[in-house]
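Throughout, read-outs are computed from the coordinates displayed, never taken from laboratory work. For clarity, every value in this text was computed on a predicted model and none was experimentally measured. For neighbour counting, all protein chains shown are included, and Cβ atoms are generated from backbone atoms with ideal geometry for every residue, glycine included.
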Amino acid sequence: MSNRWGISKHVEDLVRERDLNCVYCGISFISTIPTYKTRPTWEHIVNDVRLRGEDNVALCCGSCNASKGSKLLMDWLKSNYCSTKGITEKSVAMPVKSHLAEK
Ligand SMILES: [Zn+2]
């Protein structure tokens, strides 16, 4: 059983438990009233939908997802959006950091 992004229920559960905050900007999905910008959205950290494990699937807010789009993570981190929000290689959540460390 998988959701519409081809993410298995197992991975979905793991990620939902792990990512209580946007993996990029850190906004809380628990204490923030969900709007188009703050709601949790499914994110492939590396833009490859074949990578569906919990190490590449994460929850990020609608705002970060819209800004990142199909950009490469490293390129996106240099964007105005990230510098305005103070999103850096050091501020992102663990699953994102592990990808940066692989580079
Ligand atoms: Zn965010």
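Structure notes:
- Residues (touching a Leu at 6+ places or on another chain (Cβ under 7 Å) and part of a loop (DSSP other than H, G, I, E, B)) located in segment 88-100: Thr88, Glu89
- Leu100 vs. criteria away from the ligand (no atom under 14 Å from the Cβ), touching a residue at least 12 places away in the same chain (Cβ under 8 Å) and surrounded by fewer than 12 Cβ atoms within 10 Å (Cβ to Cβ): no
- Residue count for segment 26-66, restricted to those that are part of a loop (DSSP other than H, G, I, E, B), of a type outside the set (Val, Ile, Thr) and within 10 Å of the ligand (Cβ to nearest atom): 3
- Odd one out for Val23 among (1) within 15 Å of the ligand (Cβ to nearest atom); (2) among the aliphatic types (A, V, I, L, M); (3) touching a Phe, Trp or Tyr at 6+ places or on another chain (Cβ under 8 Å): (3)
- Val23 meets the stated requirement of being touching a residue at least 12 places away in the same chain (Cβ under 8 Å) and either surrounded by fewer than 15 Cβ atoms within 10 Å (Cβ to Cβ) or within 12 Å of Gly62 (Cα to Cα) (or both).
- Scanning segment 56-83 for residues that are among the polar types (S, T, N, Q) and more than 12 Å from the chain's Cα centre (by Cα), we see that the one that is nearest to Arg18 (Cα to Cα) is Ser70.
- The number of residues in segment 64-94 being over 19 Å from Val15 (Cα atoms), surrounded by 14 or more Cβ atoms within 10 Å (Cβ to Cβ) and among the small types (Gly, Ala, Ser) comes to 2.
- Residue match in segment 3-19 (condition: of a type outside the set (S, T, N, Q), in contact with a helix residue (DSSP H, G or I) (Cβ under 9 Å, 6 or more places away or on another chain) and touching a residue at least 60 places away in the same chain (Cβ under 8 Å)): yes
- Test: residue in segment 35-56 that is within 17 Å of Ser91 (Cβ to Cβ), out of contact with any helix residue (DSSP H, G or I) (no Cβ under 8 Å at 6 or more places or on another chain) and buried (at least 17 other Cβ atoms within 10 Å of the Cβ): no
- Candidate set: segment 6-19, residues that are surrounded by 13 or more Cβ atoms within 10 Å (Cβ to Cβ) and part of a loop (DSSP other than H, G, I, E, B); chosen: the one nearest to the ligand (Cβ to nearest atom): Asp19
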